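Reading through the structure tokens given below for one structure.
The values are calculated or read from the model by the stated rules, or taken from the named source; none is laboratory data. The model shown is predicted, which means the values in this text are computed figures rather than measured ones. Positions of Cβ are backbone-derived with ideal geometry, glycine not excepted, and every protein chain shown enters the neighbour counts. When the accessible area is computed, the model is the full protein with side chains, heavy atoms only, and any ligands, DNA or RNA have been set aside. Shrake-Rupley method; radii C 1.70, N 1.55, O 1.52, S 1.80 Å.
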Amino acid sequence: QVQLVESGGGLVQAGGSLRLSCAVSGNIVLVDSMGWYRQPPGNQRELVATIGRGGSTNYADSVKGRFSISRDNAKNTVYLQMNNLKPEDSAVYYCNAVIMLSWVSGVSDYWGQGTQVTVSS
């Protein structure tokens, strides 16, 4: 059974920083792309950042220059360093991973349970 376990959310003042982590566990062959998405109250889930297995990254325009995504392939873990946080960054943040369970099964999307980030003004 595959699990994505997130940590690092919380309450921070505007201008502060937080670091999110997401570790993939279970019987898997490899983790392909990984990423972070967020869902503000009353809104749809949106892309924050993604990172390929080789390290190529993609960011939403709203977080460029403030957030940084990275990964440790040996630990099957993805990180999101969030600096200069703004109240509009408040949301539930979800980890996503594209995972291959076996060499014949192809890849599938998996999601974490979500972690709350609240930025006070």
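When segment 93-114 is examined, which residues are found to be under 15 Å from Ala49 (Cβ atoms) and open to solvent by less than 20 Å² (accessible area, probe 1.4 Å)?
Selection gives Tyr93, Cys95, Asn96, Ala97, Gly112.
Quick one: how many residues across segment 40-80 are of a type in the set (S, T, N, Q), over 19 Å from Val29 (Cβ atoms) and surrounded by fewer than 19 Cβ atoms within 10 Å (Cβ to Cβ)? Give the steps one after another, and end with the answer.
Initially, segment 40-80 is screened for residues of a type in the set (S, T, N, Q), giving 43-44, 50, 56-58, 62, 68, 70, 73, 76-77.
Within this subset, residues satisfying the condition of being over 19 Å from Val29 (Cβ atoms) are 43-44, 50, 56-58, 62, 68, 70.
If we keep only those that are surrounded by fewer than 19 Cβ atoms within 10 Å (Cβ to Cβ) too, we end up with 43-44, 56-58, 62, 68, 70.
Qualifying residue count for the region: 8.
Limited to segment 76-121, what total is found for residues that are of a type in the set (Val, Ile, Thr), within 20 Å of Val5 (Cα to Cα) and at pLDDT below 95? So that I can check it myself, show each step before the final result.
Start the filter on segment 76-121 by keeping residues that are of a type in the set (Val, Ile, Thr), which leaves 77-78, 92, 98-99, 104, 107, 115, 117-119.
Now restrict to residues that are within 20 Å of Val5 (Cα to Cα): 77-78, 92, 98-99, 107, 115, 117-118.
Going one step further and asking which of them are at pLDDT below 95, we end up with 107.
Selection size over segment 76-121: 1.
Quick one: how many residues across segment 1-18 are open to solvent by 30 Å² or more (accessible area, probe 1.4 Å), closer than 16 Å to Asn96 by Cα and assigned to a strand (DSSP E or B)?
Adding up the residues that qualify gives 3.
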